[in-house]
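Note sheet for the following structure.
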Amino acid sequence: MKKAALFLACATLGAGPALSQREAPVAEQRAAVAAWATCIADENADTARDLLVRDYRSDGYKLGMKALAQTRVSQECFDAMPRRYRQMRLGGLPFAGGLAERLIEQDAEPLLTRLSMAVIGPEAETFSYTDEVAMCAVRGAPDIVARLFATEIETPDEQASFAALAPVVAYCTKDRTPVEASPLAMRSMLATASFRLLAAQKDDADA
């Protein structure tokens, strides 16, 4: 039996997090999107992979991501989710980032190894200024980005990783508009950029 996902997400990657149905703490919002993204990515991996490499400004991406956000998840996964997360509403960027991070985790090879090789391989396309900055940070500090993804959300380890990454982001925006983003948004941007960079290596190997 399938359970209808009550998790509704905006389709545009660049959109910030929408308000939840109630004013939930940031940590709870982040945990909710991680829980939903895990269910959906695990059960719809091929669809999620296809969407995450697309231009998120396109209608196809927007419609596909909206449909994926509203997809049904298994009863088992739904029941395993804390009850307070089951009706959270979050925006498109956190959802896309959660999907990307979960799909990245599914590869058994250490992420540091994969990202370190990817930065010397084919580049991945970027679709906006913030996306370009995120990709620059991933390529400039794959070790810090890999360490960030190994941290739990809202923890001192995550904060330390963001602090270590700050000079890299500053370099990527030198003489340009600074990028100010919440930990949720920044981690999501880095996850989607990392996913596309890793996917570009697989596409090159398959060519």
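The values are calculated or read from the model by the stated rules, or taken from the named source; none is laboratory data. This one's a predicted model, so the numbers in the text were calculated from it and none came from an experiment. Note: ideal-geometry Cβ built from the backbone for every residue, glycine included; neighbour counts use all protein chains shown. To get the accessible areas, we keep the full protein, side chains included, count just its heavy atoms, and leave off ligands, DNA and RNA. Shrake-Rupley method; radii C 1.70, N 1.55, O 1.52, S 1.80 Å.
Would region 112-132 turn up any residue that is surrounded by fewer than 20 Cβ atoms within 10 Å (Cβ to Cβ), under 22 Å from Ala181 (Cβ atoms), free of Cβ contacts under 8 Å to residues at least 60 places away in the same chain and in contact with a helix residue (DSSP H, G or I) (Cβ under 9 Å, 6 or more places away or on another chain)?
The answer is yes, given that some residue of region 112-132 is surrounded by fewer than 20 Cβ atoms within 10 Å (Cβ to Cβ), under 22 Å from Ala181 (Cβ atoms), free of Cβ contacts under 8 Å to residues at least 60 places away in the same chain and in contact with a helix residue (DSSP H, G or I) (Cβ under 9 Å, 6 or more places away or on another chain).
Going by the conditions given, is Glu132 within 21 Å of Val53 (Cβ to Cβ) and out of contact with any Lys or Arg (no Cβ under 7 Å at 6 or more places or on another chain)?
For Glu132, the condition - within 21 Å of Val53 (Cβ to Cβ) and out of contact with any Lys or Arg (no Cβ under 7 Å at 6 or more places or on another chain) - is met.
Quick one: how many residues across region 155-188 are hydrophobic (A, V, I, L, M, F, W, C) and part of a loop (DSSP other than H, G, I, E, B)? Before the answer, list the steps.
The initial filter retains those residues of region 155-188 that are hydrophobic (A, V, I, L, M, F, W, C), namely 160, 162-166, 168-170, 172, 179, 181, 184-186.
Okay, now just the ones that are also part of a loop (DSSP other than H, G, I, E, B), so 179, 181.
Here the count works out to 2.
Select from region 36-66 the residues that are in a helix (DSSP H, G or I), open to solvent by 10 Å² or more (accessible area, probe 1.4 Å) and in contact with a Gly (Cβ under 9 Å, 6 or more places away or on another chain) and write down the one among them that is nearest to Glu105 (Cα to Cα).
Among those residues, the one meeting the criterion is Thr38.
Can you list residue pairs whose Cβ atoms sit under 8 Å apart, with the first residue in region 67-91 being part of a loop (DSSP other than H, G, I, E, B) and of a type in the set (A, V, I, L, M, F, W, C) and the second being surrounded by fewer than 14 Cβ atoms within 10 Å (Cβ to Cβ) and at pLDDT below 70? Count only pairs 6 or more apart in sequence or on different chains.
Close Cβ pairs satisfying both conditions: Met88/Gln21.
Got at least one residue in region 145-154 being assigned to a helix (DSSP H, G or I) and of a type in the set (Lys, Arg)? Please lay out each step first, then the result.
Going residue by residue through region 145-154, those that are assigned to a helix (DSSP H, G or I) are 145-149.
Pick out the ones that are also of a type in the set (Lys, Arg) and you get 147.
Yes; the residues of region 145-154 include at least one that is assigned to a helix (DSSP H, G or I) and of a type in the set (Lys, Arg).
Right, Thr12: open to solvent by 30 Å² or more (accessible area, probe 1.4 Å) and either at pLDDT 80 or above or outside any loop (DSSP other than H, G, I, E, B) (or both) or not?
Working: open to solvent by 30 Å² or more (accessible area, probe 1.4 Å): yes; either at pLDDT 80 or above or outside any loop (DSSP other than H, G, I, E, B) (or both): no.
Judged against the criteria, Thr12 is not a match.
Please identify the pairs in which a residue from region 160-188 that is in contact (Cβ under 8 Å) with a residue 40 or more places away in the chain and of a type in the set (A, V, I, L, M) has its Cβ atom under 7 Å from the Cβ atom of a residue that is part of a loop (DSSP other than H, G, I, E, B) and open to solvent by less than 90 Å² (accessible area, probe 1.4 Å), counting only partners at least 6 apart or on another chain.
Listed by first residue and then by second, the contacts come to Val179/Thr173; Leu184/Pro17; Ala185/Gly16.
How many residues are in a loop (DSSP other than H, G, I, E, B) and either of a type in the set (Gly, Ala, Ser) or open to solvent by less than 30 Å² (accessible area, probe 1.4 Å) (or both) if we restrict to region 97-111?
If we filter region 97-111 for residues that are in a loop (DSSP other than H, G, I, E, B), which is where we start, we get 106-110.
Now restrict to residues that are either of a type in the set (Gly, Ala, Ser) or open to solvent by less than 30 Å² (accessible area, probe 1.4 Å) (or both): 108.
Total meeting the criteria: 1.
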